[in-house]
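What follows is a short report on a single structure.
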Amino acid sequence: MELPKEYGYVALVLVAYCFLNFWMAGQVGKARKMYKVPYPTLYALESENKDAKLFNCVQRGHQNSLEMMPMFFVLMMLGGFRHPCVCASLGCLYIITRYFYFTGYSTGDPQKRLSIGKYGFLAMLGLMVCTISFGVSLLRG
């Protein structure tokens, strides 16, 4: 199998997500300092820290993005073999929604993660369809 030239867009979108992830990790680091949550504590306890909810929302926004990253990467890479431009576009949409998911969550009001962030699931659904299309095309030979 030969990769389409446009697969380069898929690679670039994956790297863009890595940059977003690094930025989110930096925001968690800043929140650790601001809300006094030392390493290796993953989540602050409200009984020990009055700002626990604020920190935990920042941490959770990043953690959720990490949890979704393997599925995003696999779907991008596989679906991109057959539909590189569509997958790259959906990947850009996903990255934008992830940014808003994280910044909304980081306000301390978890509901705000969904204002624009909820549309990331549409991007993931589109990536699943592209990957199914790729799988079916392989089976048909």
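The values are calculated or read from the model by the stated rules, or taken from the named source; none is laboratory data. Values in this document were obtained by computation on a predicted structure and should not be read as measured data. As a convention, Cβ positions derive from the backbone with ideal geometry for all residues, glycine included, and neighbour counts pool all protein chains shown.
Quick notes on this one:
- Complete set of residues in the range 126-141 that are loosely packed, with under 13 Cβ neighbours inside 10 Å and within 14 Å of the chain's Cα centre (by Cα): none
- Within the range 26-46, tally of residues that are among the charged types (D, E, K, R) and more than 12 Å from residue 58 (Cβ to Cβ): 2
- Looking across the range 96-125 at every residue that is β-branched (Val, Ile, Thr) and outside any helix (DSSP H, G or I), the one that is surrounded by the most Cβ atoms within 10 Å (Cβ to Cβ) is identified as 116.
- Residue 45 meets the conditions (1) assigned to a loop (DSSP other than H, G, I, E, B); (2) closer than 25 Å to residue 84 by Cβ in every case but one. The failed one is (2).
- Some residue of the range 84-95 being more than 30 Å from residue 4 (Cβ to Cβ), surrounded by fewer than 18 Cβ atoms within 10 Å (Cβ to Cβ) and modelled with pLDDT of 95 or more: no
- Qualifying residue in the range 92-110 (condition: touching a residue at least 24 places away in the same chain (Cβ under 8 Å), within 22 Å of residue 130 (Cβ to Cβ) and of a type in the set (Lys, Arg)): yes
- Test: residue in the range 13-36 that is under 30 Å from residue 141 (Cα atoms) and either in contact (Cβ under 8 Å) with a residue 12 or more places away in the chain or surrounded by fewer than 15 Cβ atoms within 10 Å (Cβ to Cβ) (or both): yes
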